[in-house]
Amino acid sequence: MPTMQNQRSAPVFLNLFRIHFPVGAVTSIAHRLSGLLLFLSFPLLVYWLDLSLRDPASYANAVEWLHCGWVRLASVFIAWSLIHHLLAGLRFLLIDLGVGVERTTARRSAWTVNGLALLLVLGYIGWIV
Amino acid sequence: MSRHTYALRAWLIQRFSAVYLAGFLAYLVIHFLIQGSHGYAEWRAWLSHPAMGIAGAGFVLALMLHGWVGVRDIILDYIPALGMRLLLLTLSGALLAASGFWALRLLLLAAG
């Protein structure tokens, strides 16, 4: 028979939408997710580079692709991944060097990274639309 | 080599490659902000410059190392089943190596 205290301290379910993550965990998991997206987009980017270097007609074709709706949508995700991964990566590098390790500073920098990445992506969307 | 040395080496590779990737990326952003759009001849000339060949090859190699350490960490953390683990490690390694060498070949062809 569990006591009241046990019941209160043990989580009943692990619903990811109900668990409240600390902001640093969000930055960290988004760092992984963005890295994975960049990894997956690497072959596509190399393919695009190949097309763009073949000859003038193929180059024109490759540039034309950049204006296509699906490619622009995908580029928003790639842009977010790049920006978030870069900013969060710089934050981790600084923390490795002992800069901003303190709890409140780390929390503030995590909020800054998450927010700034989204803000810059909004800027990117405004620029391509 | 012990597991600890290996982990330390991966940790160091990840950080040094990150710094190079960030620096090269900053150069790319500045270049495109200044240059705007390219014509084919300009684009090719930019990519076939020897300095670009060396710096670009460095970027691709750094990307391969960085991507491998990162994806390997993700697979080892989230995929506990050994068979699936090996399959995903093989596939992602092959994808990374093929894309990387393809990019290096493009830089070499552009320079030649």
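Taken together, the values in this text are just the output of simple stated rules run on the coordinates, not laboratory data. Just so you know, these numbers come straight off a predicted model, no measurement behind them. Neighbour counts run over all protein chains shown; Cβ positions are idealised from the backbone, glycine included.
Residues of the stretch A:44-59 that are facing chain B (nearest Cβ under 7 Å), in contact with a Phe, Trp or Tyr (Cβ under 8 Å, 6 or more places away or on another chain) and surrounded by 14 or more Cβ atoms within 10 Å (Cβ to Cβ): A:46, A:50, A:52, A:53, A:59. Hey, can you tell me all the residues within the stretch B:12-33 that are hydrophobic (A, V, I, L, M, F, W, C), surrounded by 13 or more Cβ atoms within 10 Å (Cβ to Cβ) and away from chain A (no Cβ under 11 Å)? Passing the criteria: B:13, B:24. Taking the criterion of being part of a helix (DSSP H, G or I) and either within 16 Å of residue B:61 (Cβ to Cβ) or within 11 Å of chain A (Cβ to nearest Cβ) (or both), the residues of the stretch B:34-44 that qualify are B:40, B:41, B:42, B:43, B:44. One residue is enough: does the stretch A:78-89 have a residue meeting the conditions aliphatic (A, V, I, L, M) and in contact with a His (Cβ under 6 Å, 6 or more places away or on another chain)? Yes, the stretch A:78-89 has at least one match.
Being in a helix (DSSP H, G or I) and either away from every other protein chain (no Cβ under 11 Å) or in contact with a strand residue (DSSP E or B) (Cβ under 6 Å, 6 or more places away or on another chain) (or both) is a property that residue A:77 has. Among the residues of the stretch B:61-79, is there at least one that is at the interface with chain A (Cβ under 9 Å from one of its Cβ atoms), without any contact (Cβ under 8 Å) to a residue 24 or more places away in the chain, in contact with a helix residue (DSSP H, G or I) (Cβ under 7 Å, 6 or more places away or on another chain) and over 30 Å from residue A:57 (Cβ atoms)? Yes, the stretch B:61-79 has at least one match.
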